[in-house]
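Asks: This structure is in structure tokens; I'll ask about it shortly.
The values are calculated or read from the model by the stated rules, or taken from the named source; none is laboratory data. What you see is a predicted model; the values in this text were computed from it and never measured. FYI the Cβ positions are ideal-geometry reconstructions off the backbone, even for glycines, and counts take in every protein chain you see.
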Amino acid sequence: MPNSSASENKRSKDSVANVLIVAVSLCLVCSLLVSTAAVRLKPIQERNKEVDRKINILNAAGLYDEARDIDELFEQVEVRVVDLSTGKFVDYIDPQSYDLVKVLKDPELSQPVAADEDIARIRRQEKYALVYLVMEGDDIENFILPVRGAGLYSTLYGFLALKADGATIQGLSFYEQGETPGLGGEIVNPKWRAKWQDKRVYDRTGVTRIEVVKGPIDSSKPEAIHQVDAIAGATLTSRGVNNLMRFWLGDSGYKAMLEQVSSREG
Ligand SMILES: Cc1cc2nc3c(=O)[nH]c(=O)nc-3n(C[C@H](O)[C@H](O)[C@H](O)COP(=O)(O)O)c2cc1C
């Protein structure tokens, strides 16, 4: 008799209803745990993203120092919004709430790039761009400009830092790219990045001259000041970098702003 009651008890535990109750309860507990973790971790993730963005911006200008507090370092940086068509800074867009992903979906704030002008292959461009100015008192010491464009396999996102003259490169860094490690991925290699330093992006008449070239650069030639060695075995990614630099430094990019606010002579 006790045996038959034990087996009935076991059967009732294995019933479909019981299995469903256990499965649903487990799902509820797990989803509660996951959503609590997601809500709790969100501010930490947002903060990490913010710190990462600041490190990348400072890195482009060679100003990042891991021994110092990032927010303190960033105090020397002024974030401004520039109207790319006029080159003028605007105050009616808040740089703190600027979100490029949203801007590129908004027809009021961005527009398609005509195919014959789209050398960086970005397809859509913001009308107002976020720029970072490293200040020394009232003077602009460095311009740190967001740049992007197609590589071979991915869109390359980076920051170009220019000196106060708005024409000499302080540094170039890429913080997001999906090129092949060891080939196109070498655009993040400090050795290749160092080749950009002190190169001049415009000639004396203001024409965009910076270019990535395949093969050795003859440093005795005057054009060497505008030239950077392509990455061996990654000519196509290098060409992508060439094209994005020329796009963002040209008439569709930051040229109007740089002509107006840099300390360049003549
Ligand atoms: C698996 C694989 C991955 C490659 N990845 C890249 C890359 O990320 N960037 C690039 O420019 N070329 C890459 N290439 C090489 C290109 O196909 C092309 O050969 C190269 O850009 C030409 O550069 P070179 O003239 O300096 O040899 C890759 C080739 C292979 C087979």
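Asks: Cβ-Cβ distance below 9 Å, separation of 6 or more or different chains: which pairs start in the range 137-161 with a residue that is within 24 Å of R200 (Cβ to Cβ) and within 13 Å of the ligand (Cβ to nearest atom) and end on one that is charged (D, E, K, R) and in a strand (DSSP E or B)?
Replies: Pairs found: L156/R148; L156/E176.
Asks: Checking the conditions here, which among L152, L133 is under 20 Å from L100 (Cα atoms) and more than 15 Å from the chain's Cα centre (by Cα)?
Replies: Residue meeting the stated conditions: L133.
Asks: Please determine, by comparing only the residues of the range 165-194 that are farther than 19 Å from T237 by Cα and in contact with a Phe, Trp or Tyr (Cβ under 8 Å, 6 or more places away or on another chain), which one is farthest from the ligand (Cβ to nearest atom).
Replies: G166
Asks: Could you give every pair whose Cβ atoms fall below 8 Å, whose first residue belongs to the range 77-89 and is within 13 Å of P146 (Cβ to Cβ), and whose second residue is buried (at least 17 other Cβ atoms within 10 Å of the Cβ) and polar (S, T, N, Q), counting only separations of at least 6 or pairs across chains?
Replies: From residues that are within 13 Å of P146 (Cβ to Cβ), the pairs are L84/Q125; L84/S252.
Asks: To continue, here is another question. Go through the residues of the range 223-245 one by one and say whether even a single one is buried (at least 19 other Cβ atoms within 10 Å of the Cβ), closer than 21 Å to D83 by Cα, under 20 Å from the mean Cα position of the chain (by Cα) and touching a residue at least 40 places away in the same chain (Cβ under 8 Å).
Replies: Yes - at least one qualifying residue is present in the range 223-245.
Asks: So which residues in the range 197-227 are aliphatic (A, V, I, L, M) and assigned to a strand (DSSP E or B), if there are any at all?
Replies: Narrowing the range 197-227 to residues aliphatic (A, V, I, L, M): 201, 207, 210, 212-213, 217, 224-225.
Passing the criteria: V212, V213.
Asks: Just to be sure before I move on: is S173 crowded, with 17+ Cβ neighbours inside 10 Å, out of contact with any Pro (no Cβ under 6 Å at 6 or more places or on another chain) and small (G, A, S) in the structure I sent?
Replies: The answer is yes for S173.
Asks: Among the residues of the range 217-235, which ones are of a type outside the set (G, A, S) and more than 13 Å from the ligand (Cβ to nearest atom)?
Replies: As a first pass, look at the range 217-235 and keep what is of a type outside the set (G, A, S): 217-218, 221-223, 225-229, 231, 235.
I217, D218, K221, P222, E223, I225, H226, Q227, V228 - these are the residues of the range 217-235 that are of a type outside the set (G, A, S) and more than 13 Å from the ligand (Cβ to nearest atom).
Asks: Looking at the range 91-164, what strands (runs of 3 or more DSSP E) fall wholly within it and have at least 1 residues that are of a type in the set (D, E)?
Replies: Where strands (runs of 3 or more DSSP E) fall fully within the range 91-164 and carry at least 1 residues being of a type in the set (D, E), they are 124-126, 128-136, 139-150.
Asks: Something else: Checking the structure you have, find out if any residue of the range 224-237 is among the hydrophobic types (A, V, I, L, M, F, W, C) and in contact with a Phe, Trp or Tyr (Cβ under 8 Å, 6 or more places away or on another chain).
Replies: First, pick out the residues of the range 224-237 that are among the hydrophobic types (A, V, I, L, M, F, W, C): 224-225, 228, 230-232, 234, 236.
Remaining after also requiring in contact with a Phe, Trp or Tyr (Cβ under 8 Å, 6 or more places away or on another chain): 228, 231.
Checked against the condition, which is being among the hydrophobic types (A, V, I, L, M, F, W, C) and in contact with a Phe, Trp or Tyr (Cβ under 8 Å, 6 or more places away or on another chain), the range 224-237 yields at least one hit.
Asks: Considering S252, S238, which residue is within 16 Å of the ligand (Cβ to nearest atom), small (G, A, S), out of contact with any helix residue (DSSP H, G or I) (no Cβ under 7 Å at 6 or more places or on another chain) and not in a strand (DSSP E or B)?
Replies: On the way: S252 fails: within 16 Å of the ligand (Cβ to nearest atom).
S238 is the lone residue from the list that is within 16 Å of the ligand (Cβ to nearest atom), small (G, A, S), out of contact with any helix residue (DSSP H, G or I) (no Cβ under 7 Å at 6 or more places or on another chain) and not in a strand (DSSP E or B).
Asks: Does Q96 fit the bill of being out of contact with any Ser or Thr (no Cβ under 6 Å at 6 or more places or on another chain), of a type in the set (S, T, N, Q), over 24 Å from Q197 (Cα atoms) and at pLDDT 95 or above?
Replies: no
Asks: Quick check: is even one residue across the range 195-203 under 21 Å from A61 (Cα atoms), within 16 Å of the ligand (Cβ to nearest atom) and at pLDDT 95 or above?
Replies: Yes, the conditions are met somewhere in the range 195-203.
Asks: Shifting gears a bit: Just to be sure I understand, how many residues within the range 121-136 are over 23 Å from D198 (Cβ atoms) and in contact (Cβ under 8 Å) with a residue 12 or more places away in the chain?
Replies: Residues that pass the stated criteria total 9.
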